[in-house]
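Every number in this text was worked out from the coordinates using simple rules, so none of it is lab data. What you see is a predicted model; the values in this text were computed from it and never measured. Quick reminder, even Gly has a Cβ in these numbers, built from the backbone with ideal geometry, and neighbours come from all protein chains shown.
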Amino acid sequence: MAKRVVITGMGIWSCLGTSTDEVRDALREGRSGIVMDNDRMGYGYQSGLTGMVKTPVLKGLLDRHLRRGFSEEAEYAYMASREAFQMAQVDENYLMENEVGCIFGNDSSAKPVIEAARIMEEKRDSELLGQNYIFQSMNSTVNMNLSTAFHLKGVNFTISAACASGSHSIGIAYMLVKQGLQEMVLCGGAQETNYYSMASFDAIGAFSRRMDEPTKASRPFDRDRDGLVPSGGGAALVLEEYEHALARGAYILAEVKGYGFSSNGTAIISQPSDEGCVIAMSRALKDAALEPSDIDYINAHATSTRQGDMYEAIALDRLFHGQHALISSTKGMTGHECWMAGASEIVYSLIMMQNHFVAPNLNFDNPDEHSEKLNIARTTTEADIKVVLSNSFGFGGTNSALIIATI
């Protein structure tokens, strides 16, 4: 018999704040974390817009030997995971005595790769690199560091699926717990924010050029959107088998009810069809044994790009036309948190669910022909949210949809 899967802890480190309390206030106030970074322009970017994420201070939390192997995104994920474990009332003794898994979404680690290459070009001596660049530069940098720091002994691997990485990591963790293969899994997503990591995205003209008004640059679903704004950080969830959570007296935040996925199988960059989105959402609904009318809130993927927002709007209208679900993309406030986004947006949705409001789809001033059909929350809206659908889509046509619900 399939197990029920619940969320007992969450943590966040983003441009909206470095705790769930700070992020709650930012979401409710519709406060943007997007700024203009002149260093990016000096490096040669066409757009200097970015979500500004605070640098964690790990000194005093981890010993020096461990800290040296942490990449930027692993540091973000560590801070989010600390908060998630604390909320779940999972301490070091529990982690030492029990098997806990670790699945994180991460699809790049650019900075250490570039730094190591520069040393090689200048010194022509690999001995000068040391061992730390190995642990910082691999895509599995987040998992290997978290598993070591927290003494995790369960499943341990990275999901690398572009901007759906964080969402798929939660989906796979959910499936493992549901099948009885793990009782508890730490999962989430992480994204580096240094300017090395986003230059190739800037090269293809993916970013907004609205640099004179940074907080108005990310405009999901708006007619005048001109590109996304890069951002990042770390988001973590503790997923747990329901009976196991009850037995240890854990407070249950929500239940993971459904996971859906698909691939468009077409062009690597564009999303030329709404069909893949519909399949992922429909599969999540079927898995959860729910209908579109059961959904109260949809956290849309919408990144503020012309084509991506259009096809998601078409897909949402196909499934939810005439339904009561409120829709918003929190990327109007955060920018696009890339590999972390699918996880952070579950955290944002949980925060809204707990505090009975829907955060605004910031900068949605003028709908286009597709978004005008959607029930988009333009301002913070008080709402009793019991069931949430969260979408995440990525380059290569990878699609993920998650459904969480109160219990």
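Let a ≥ b ≥ c be the square roots of the eigenvalues of the Cα gyration tensor of region 1-130; is it rounded (a/c under 1.5), or, if not, prolate (a/b larger than b/c) or oblate? Oblate, since a/c reaches 1.5 and b/c is not below a/b.
Our note on the geometry: Cα centres of region 24-90 and region 310-367, 22 Å apart. Answer rounded, prolate or oblate for region 5-405, using the Cα gyration tensor with square roots of eigenvalues a ≥ b ≥ c: rounded when a/c is under 1.5, else prolate when a/b is larger than b/c, else oblate. Since a/c reaches 1.5 but b/c is at least a/b, the shape of region 5-405 is classed as oblate. With Rh defined as the Kirkwood radius, the inverse of the mean 1/r over Cα pairs, the Rg/Rh of region 85-144 is 1.19. Each of Arg31 and Glu97 was given a label point 7 Å from its Cα along the Cα-to-Cβ line. The distance between the two points is 4.0 nm. Restricting to Cα pairs below 8 Å that are 6+ residues apart, what does the relative contact order work out to for the chain? Please round to a whole percent. RCO, the chain: 24 percent.
What is region 183-253 by shape, rounded, prolate or oblate, if you read a ≥ b ≥ c off the alpha carbon gyration tensor as root eigenvalues and call it rounded for a/c under 1.5, prolate for a/b larger than b/c, and oblate otherwise? Walk me through the numbers on the way to the answer.
Working: a/c = 4.13, a/b = 2.51, b/c = 1.65.
Prolate, since a/c reaches 1.5 and a/b exceeds b/c.
May I ask you to compute the full-extension gain from Glu372 to Ala267, defined as 0.36 nm times their residue separation minus their alpha-carbon distance, rounded to one decimal in nm?
Details: separation 105, 0.36 × 105 = 37.80 nm, distance 2.69 nm.
Length difference between fully extended and current span is 35.1 nm.
Ranking of Glu97, Glu115, Glu337 by neighbouring Cβ atoms within 10 Å, starting from the fewest: Glu97, Glu115, Glu337.
Kindly point out which whole DSSP H helices in the chain project their C-alpha atoms 27 angstrom or further along the helix axis while averaging a Kyte-Doolittle hydropathy of 1.0 or above. Answer set is empty. Adding -39500 (n - 2.57) for every DSSP H run of four residues or longer, then dividing by how many residues the chain holds, sets the calculated 222 nm ellipticity at -10500 deg cm²/dmol. Distance between the modelled labels on Arg64 and Glu243, one decimal in nanometres: 5.0 nm (7 Å Cα→Cβ projection).
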